[in-house]
Amino acid sequence: MIIRFFLLLAIALGLSACSSYRPAGDAFHKSLIGPYQLDSGDRVRVIVYDQENLNNEYTVDQSGYISVPLIGDVTARGRHTTELAAEIATRLQNGFVRDPDVSVEIAQYRPFFIMGEVTNAGQYAYVTGMTVQTAIAISGGFTPRAKQRYVDITRQINGKIITGRVSLTDPVRPGDTIYVRERLF
């Protein structure tokens, strides 16, 4: 009788631990909709038409800036490429280039990270349209002890770091950290 009680208690505690997680919230999924926001590690290509010497690629630094000749540091973090292009054009227009036509495009997205129960944890290049399942495949697949139903993703949204539990078919964003948990049985 006592053994049965402790067995039921252990099962109840185990189930309560499993049910304490909450799936990713609305903000987590809303971050997938809308224009892409630049952040540290992204590489952008700036094109100033008819100004070949100003065309270049820049990496968004740790502080969230790119350093453009003539105008200096420009805030890139949290901006869309169109916003960044408008800021560069405005600053170039102030005494450097008459009526500049500026375009900004993403040359390379910042990497994503994967850890936990995968064959080769680490940092990997982001590919457009990537899902959790493809990210796991890139990292060499699951280990034999991996929980293969869902993963935890840590994502920065509007300056806040949020972790959510998602299925393998959910999209991955540049800069995400994916954690594959170990299964109990």
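The values are calculated or read from the model by the stated rules, or taken from the named source; none is laboratory data. Please read all numbers here as calculations on a predicted model, not as lab measurements. Neighbour counts are summed over all protein chains in view; Cβ atoms, including those assigned to glycine, are modelled from backbone coordinates with ideal geometry.
Scanning the range 31-60 for residues that are in contact with a strand residue (DSSP E or B) (Cβ under 8 Å, 6 or more places away or on another chain) and under 23 Å from Phe96 (Cβ atoms) yields a total of 14. For beta carbons closer than 9 Å, sequence separation of 6+ or different chains, a first residue in the range 131-148 that is within 11 Å of Val180 (Cα to Cα) and a second that is hydrophobic (A, V, I, L, M, F, W, C) and loosely packed, with under 13 Cβ neighbours inside 10 Å, the qualifying pairs are Lys147/Leu184. Answer with yes or no whether Gln108 is within 30 Å of Val48 (Cβ to Cβ) and over 16 Å from the mean Cα position of the chain (by Cα). No, not satisfied.
In summary, Arg173 fulfils each of the numbered conditions (1) among the basic types (Lys, Arg); (2) in a strand (DSSP E or B); (3) under 12 Å from the mean Cα position of the chain (by Cα) with the single exception of condition (2).
Any idea how many residues of the range 154-169 are in a loop (DSSP other than H, G, I, E, B) and either touching a residue at least 60 places away in the same chain (Cβ under 8 Å) or over 18 Å from Gln133 (Cβ atoms) (or both)? The number of residues fulfilling the criteria is 2. Do you know which of the residues in the range 40-56 that are free of Cβ contacts under 8 Å to residues at least 60 places away in the same chain and part of a strand (DSSP E or B) is surrounded by the fewest Cβ atoms within 10 Å (Cβ to Cβ)? Selected residue: Asn56. Does Asp26 satisfy being within 30 Å of Lys160 (Cα to Cα), of a type in the set (D, E, K, R) and at pLDDT 95 or above? Criteria not met by Asp26. Tell me, please, whether a residue that is assigned to a loop (DSSP other than H, G, I, E, B), among the aliphatic types (A, V, I, L, M) and in the same structural domain as Pro144 (by TED's automatic domain parsing) can be found in the range 80-101. No, the conditions are met nowhere in the range 80-101.
Just one residue in the set Val151, Val118 is in contact with a helix residue (DSSP H, G or I) (Cβ under 8 Å, 6 or more places away or on another chain), touching a residue at least 60 places away in the same chain (Cβ under 8 Å), of a type in the set (A, V, I, L, M, F, W, C) and over 22 Å from Ile47 (Cβ atoms); that residue is Val118.
Scanning the range 57-69 for residues that are loosely packed, with under 14 Cβ neighbours inside 10 Å and not small (Gly, Ala, Ser) yields Glu57, Gln62, Pro69.
None of Gly78, Gly140, Gly164 is surrounded by fewer than 16 Cβ atoms within 10 Å (Cβ to Cβ) and more than 22 Å from Glu57 (Cα to Cα) except Gly140. For the range 116-123, does any single residue satisfy the condition of being surrounded by fewer than 16 Cβ atoms within 10 Å (Cβ to Cβ), at pLDDT 95 or above and not in a loop (DSSP other than H, G, I, E, B)? Yes, because at least one residue in the range 116-123 is surrounded by fewer than 16 Cβ atoms within 10 Å (Cβ to Cβ), at pLDDT 95 or above and not in a loop (DSSP other than H, G, I, E, B).
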